[in-house]
Amino acid sequence: MLFFIISLKFLIQFTAIPQPEFEPQTIDANISIGYGLALGDVDGDGKPDILLADKKQFVWYRNGDWKRFVMIENLTAHDNVCIAARDITGDGKVEVAVGAQWNPSETSDTAQSGSVHFLIRPDDPAQRWKAVELPHEPTIHRMRWIRSGGKYYLVVAPLHGRGNKDGSGEGVKVIAYEYPEDIYGQWRTFIIDDNMHLTHNFDFIESAQNGSAEIYLAGKEGIRVILNDLGKITESKAEILPGIDSGAGEVRVGKLSQDKKFIAAIEPMHGHDAVIYVRDSSTKRIVIDDNLKEGHALAVADLLGIGYDQVLAGWRVPDKDGKVGIKLYVKKDAEGKQWESYWVDENKMACEDIQVMDLDGDSKPDIIASGRATHNLKIYWNKSGQLK
């Protein structure tokens, strides 16, 4: 009888999930490329807004009416490419950093490739912002604000190492910029890794217990992790994760159960496989979809309110079925060996980037995505039911 009860609970846990349901809303049908997204409260009204790095403009959309405001435009000769937003000072409004001068074929000349700027907020954030230029490497590609050791850092990853040709040569210098008291003054920088090549994206976990951060880097050599306090790093510190050495473009860290994590990835860079890695006594690689085409967007979150994370993957080129889109993957067993997929957007979103956050305060994470070939920015409102 006891075995029957335990088995029944197990069966319920992995079969009685809410039906995923997302209601799309297009908030901009005329973006140029939609290179990168960030989320956070821009105007201090207590509601998260959407920030976008588009081809020549950095813009934000006001939560509620989703009115579009240009922060800054034509910052560099080449395209914009990334944006990071987080409340650093505790005033309820995000600080914003951006990357531009996107010229990935030029890996040596910092005047012609790459830029890092901190944006200066005006009294009215609907007006134009100003920019403070920071030192940079060529081919700047991704950036995030990360808290480590009680301080905030802007972590920036180029695509290539300086002078690289075809992914060979110097390692990529992943740099942490310490947020200073004087934003117009000198920003202390730390090289937190320089051994990987063609690093495409990264994720992080912040520890509430010891104040440190884990940074997971995806690139040519697979996925590696940095575990040290960023302000104490003076040389390369990324550690190899055994069994996770396939080239990867996207990486996110999710919750498989109450006490176990998983690593989600898209392999190879701009690749076709959505995979997860589960690390026990050995590392298990589980392919949850092998039909992407230029997979370029990845997120993990508990969208269904079931106590563990699901995976979102988006791709930007029509797959073998002639479709672009976004899919949600939900595990079907405790070990995460089997996953079921659901369409979030079927053929109306050539997904370049994706983010997840509760935008309307209903405690359900919503999905925000930007489309490259489809030139659209959409919210997918989470209407999925909750388990009782």
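Among the residues of the stretch 240-278, the ones that are under 15 Å from the mean Cα position of the chain (by Cα), β-branched (Val, Ile, Thr) and crowded, with 21+ Cβ neighbours inside 10 Å come to 3 in all. Among the residues that make up the stretch 176-197, is at least one of them outside any loop (DSSP other than H, G, I, E, B), among the acidic types (Asp, Glu) and either closer than 16 Å to residue 224 by Cα or without any contact (Cβ under 8 Å) to a residue 60 or more places away in the chain (or both)? Scanning the stretch 176-197 turns up at least one residue that is outside any loop (DSSP other than H, G, I, E, B), among the acidic types (Asp, Glu) and either closer than 16 Å to residue 224 by Cα or without any contact (Cβ under 8 Å) to a residue 60 or more places away in the chain (or both).
Of the residues making up the stretch 145-184, those that are under 16 Å from residue 82 (Cα atoms) and either surrounded by fewer than 22 Cβ atoms within 10 Å (Cβ to Cβ) or of a type in the set (A, V, I, L, M) (or both) are 146, 154, 155, 156, 157, 159, 174, 175, 176.
Please find, within the stretch 196-211, the residue that is nearest to residue 252 (Cα to Cα) out of those that are in contact with a strand residue (DSSP E or B) (Cβ under 9 Å, 6 or more places away or on another chain) and surrounded by fewer than 18 Cβ atoms within 10 Å (Cβ to Cβ). Lay out the reasoning, then the answer.
Taking the stretch 196-211 and keeping what is in contact with a strand residue (DSSP E or B) (Cβ under 9 Å, 6 or more places away or on another chain), we get 196-207, 211.
Filter again for surrounded by fewer than 18 Cβ atoms within 10 Å (Cβ to Cβ), leaving 205-207, 211.
Working: 205: 10, 206: 13, 207: 16, 211: 20 Å.
Applying the filter and picking the extreme gives 205.
A count restricted to the stretch 21-57 and to residues that are surrounded by fewer than 20 Cβ atoms within 10 Å (Cβ to Cβ) and in a loop (DSSP other than H, G, I, E, B) stands at 12. Selection over the stretch 58-91 of residues that are farther than 21 Å from residue 367 by Cβ, outside any loop (DSSP other than H, G, I, E, B) and aliphatic (A, V, I, L, M) gives a count of 3.
Across the stretch 236-282, which residue is farthest from residue 214 (Cα to Cα) among those that are out of contact with any strand residue (DSSP E or B) (no Cβ under 7 Å at 6 or more places or on another chain) and in a strand (DSSP E or B)? Top of the filtered list is 257.
Out of all the residues in the stretch 92-103, is one or more over 29 Å from residue 47 (Cβ atoms), assigned to a loop (DSSP other than H, G, I, E, B) and modelled with pLDDT of 95 or more? Full working, then the answer.
Of all residues in the stretch 92-103, those over 29 Å from residue 47 (Cβ atoms) come to 101-103.
Narrowing the set further to residues that are assigned to a loop (DSSP other than H, G, I, E, B) leaves 101, 103.
Adding the requirement that they be modelled with pLDDT of 95 or more leaves 101, 103.
Yes, that holds for at least one residue.
The values are calculated or read from the model by the stated rules, or taken from the named source; none is laboratory data. Nothing here was measured: the structure is a model prediction, and the numbers come from that model. Cβ sites come from the backbone with ideal geometry, for glycine too, and all protein chains shown count toward neighbours.
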